[in-house]
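Student: Please see the structure below; I have some questions.
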């Protein structure tokens, strides 16, 4: 069985470490916040200017002046800080965020990522995604391995306009955990019950497969 | 105090001098911390062919979205504009120009503009459509693109507390782009929730020093919420 959205988030959560400052993108990455291991402290950065994002507010706590980068009303945890957009992106661009998690349409063997623009469709904008991928050293991309029509999203070369060049090293898909190095994909883990053959069939870019591919743990 | 008293009595006075074809830098992220009454005054004035520099363009019927209704905006410089139908219509009809700019680059363009820095190098956007046609230079083996800073004829800003000198404090995440916008206007106009007297704000806690601010007006705010997300109290 391919991973559910929740399982994807659970696998990404294994990349967290105690004391990490983490930026989570919109969609599946946001769910990672639900799977922070017990006893571990991480601080969530929201690029509109909040370090230490907390859960959604109760009706009593609701405040129009407290939102996250998805424009949802949120709270701040104890020890949070709030600052300007320039300060926020100084943190991001300056490489101070320990882990960035975001979605994508495509990645390729060169570590390129395309996540914001499909030519011919309405283009809404890149928001902070280009800054996040350019500034972070430790990025995890979460996405489905192939499109609904079975077309691979792990490519020899991205076909869509890029969000960033040569910046992606880790990809968690619904079928596998793959790393990118030396112009190749490296298969590290497979989703429970998924065969290596299926992963190979759905990976268009060059994939290095070790003799033993362990199943993912959550 | 007279020379430093920046408080004006009406929105018409606050936006006096805004003319067709000008560039306006606006603070706010989504609908949070937007100068909603200053935007409404621009609509009332009917100023046209404006270039608006703002992270977003409001929603249909609120925020910068209302300036689309009478086609007052010629060009938007933004990072994300997908929140209103009218915007989409005018964009597809070729009536509206959009310069999509990465969010951090947009913030830095305003900051640099206000700080007298004409351009800066950033890795953001290299190898993407944003980098096309821009100067590339390598530093320590990594390529960066040259981005030019932005200044506006006007900057419109929303703050929480302000004093007559134009010293400002923002509230929670309504800060966002406002401090940079405040520095980057030839004329910077600020609307505030609460007016206090000089000396009441703790000097070391002021976000925007009054030197950047030309006009201050006290407003009342709807503060519309774009995505109302709540959890149960249990």
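Here, each number is a calculation from the coordinates, and none is a lab measurement. Fair warning: this is a prediction, and the values are worked out from it, not measured in the lab. When we count neighbours, we look across all protein chains shown, and the Cβ atoms used for this are built from the backbone with ideal geometry, even at glycine.
Student: Can you give the three extents of the C-alpha atoms in the stretch A:84-167 along their principal axes, from longest to shortest, in whole Å?
Tutor: 42, 27, 18 Å, listed from the longest principal axis down.
Student: Still on this structure: Taking the DSSP beta bridges in chain B as the whole, what percent of them are antiparallel, to the nearest 5? Walk me through the numbers before you get to the answer.
Tutor: Working: 13 of 42 bridges.
Antiparallel bridges make up about 30 percent of those DSSP assigns within chain B.
Student: Moving on. What is the gain in length, in nm to one decimal, between residue A:212 and residue A:121 on full extension, counting 0.36 nm per residue of separation less the C-alpha to C-alpha distance? Don't skip to the answer; put the middle values down first.
Tutor: Numbers: separation 91, 0.36 × 91 = 32.76 nm, distance 4.17 nm.
Stretched fully, the residue A:212-residue A:121 segment lengthens by 28.6 nm.
Student: So for B:228, B:215, B:111, fewest C-beta neighbours within 10 Å to most, what's the order? Let's see the in-between values first.
Tutor: Working: B:228 14, B:215 20, B:111 25.
The most exposed by this proxy come first: B:228, B:215, B:111.
Student: Moving to a separate point now. Hey, with R₀ at 60 Å, roughly what FRET efficiency would residue A:6 and residue B:5 work out to, going by the Cβ-Cβ distance, to 0.05? Please list the in-between numbers first.
Tutor: Working: r = 58 Å, r/R0 = 0.96.
Efficiency at R0 = 60 Å is approximately 0.55.
Student: Another question about this same structure. For a label point 7 Å from the Cα of residue B:220 along Cα→C-beta, name the residues of the stretch B:19-59 whose backbone N is under 17 Å from it.
Tutor: B:36-38, B:40-41
Student: Summarise the long-distance tail of P(r) for the stretch B:1-117 by giving the % of C-alpha pairs beyond 25 Å.
Tutor: Working: 1574 of 6786 pairs.
Above the 25 Å cut-off, the stretch B:1-117 has 23 percent of its Cα pairs.
Student: So for the stretch B:113-154, averaging the separation of alpha carbon pairs under 8 Å that are six or more residues apart and normalising by length, what relative contact order in percent results? It would help to have the intermediate numbers written out before the result.
Tutor: Numbers: 52 pairs, mean separation 20.9, N = 42.
It comes to 50 percent, rounded to a whole number.
Student: Based on Cα positions only, what radius of gyration and what Dmax would you give for chain A, in angstroms?
Tutor: Spelled out, the Cα radius of gyration and Dmax of chain A are 17.5, 56 Å.
Student: While we're looking at this one, here's another question. Taking Cα centroids, how far is the stretch B:204-222 from the stretch B:61-106 in Å?
Tutor: 26
Student: At R0 = 30 Å, how high is the FRET efficiency between residue B:19 and residue B:148 if r is their beta carbon distance? Nearest 0.05 is fine.
Tutor: Values: r = 23 Å, r/R0 = 0.77.
Efficiency computed from Cβ-Cβ geometry: 0.80.
Student: Roughly speaking, what is the stretch gain from residue A:59 to residue A:179, that is 0.36 nm per residue apart minus the C-alpha to C-alpha distance, in nm to one decimal?
Tutor: Details: separation 120, 0.36 × 120 = 43.20 nm, distance 4.27 nm.
Gain on extension, residue A:59 to residue A:179, equals 38.9 nm.
Student: Quick one, can you get me the convex hull of the C-alpha atoms of chain B expressed as volume per residue in Å³?
Tutor: Per residue, the Cα convex hull of chain B comes to 168 Å³.
Student: Hey, what angle do you get for helix B:36-45 against the long axis of chain B, alpha-carbon based, 0 to 90 degrees rounded to 10?
Tutor: Roughly 80 degrees between the two axes.
Student: By how many nm would the segment from residue B:69 to residue B:97 grow when fully extended, if each residue of separation counts as 0.36 nm and the alpha-carbon distance is taken off? Spell out each step's value before the answer.
Tutor: On the way: separation 28, 0.36 × 28 = 10.08 nm, distance 1.54 nm.
So the chain would gain 8.5 nm between residue B:69 and residue B:97.
Student: Arrange the following residues from fewest to most other Cβ atoms within 10 Å of their Cβ: A:108, A:197, B:153. Mind showing how you got there, number by number?
Tutor: Numbers: A:108 24, A:197 9, B:153 17.
Ordered by Cβ neighbours within 10 Å, fewest first: A:197, B:153, A:108.
Student: Further question on the same structure: Run through all the Cα pairs of the protein assembly as shown and give the fraction in each 10 Å bin from 0, expressed as whole percent.
Tutor: 4, 21, 29, 25, 14, 6, 2, 0, 0
Student: Using helices alone, I'd like the mean residue ellipticity at 222 nm for chain A: each DSSP H run of four-plus residues gives -39500 (n - 2.57), total over residue count, nearest 500. Don't skip to the answer; put the middle values down first.
Tutor: Values: 5 runs with 35 residues, N = 218.
Value at 222 nm, helices only: -4000 deg cm²/dmol.
Student: In whole Å, how far is the Cα centre of the stretch A:123-194 from that of the stretch A:55-69?
Tutor: 32
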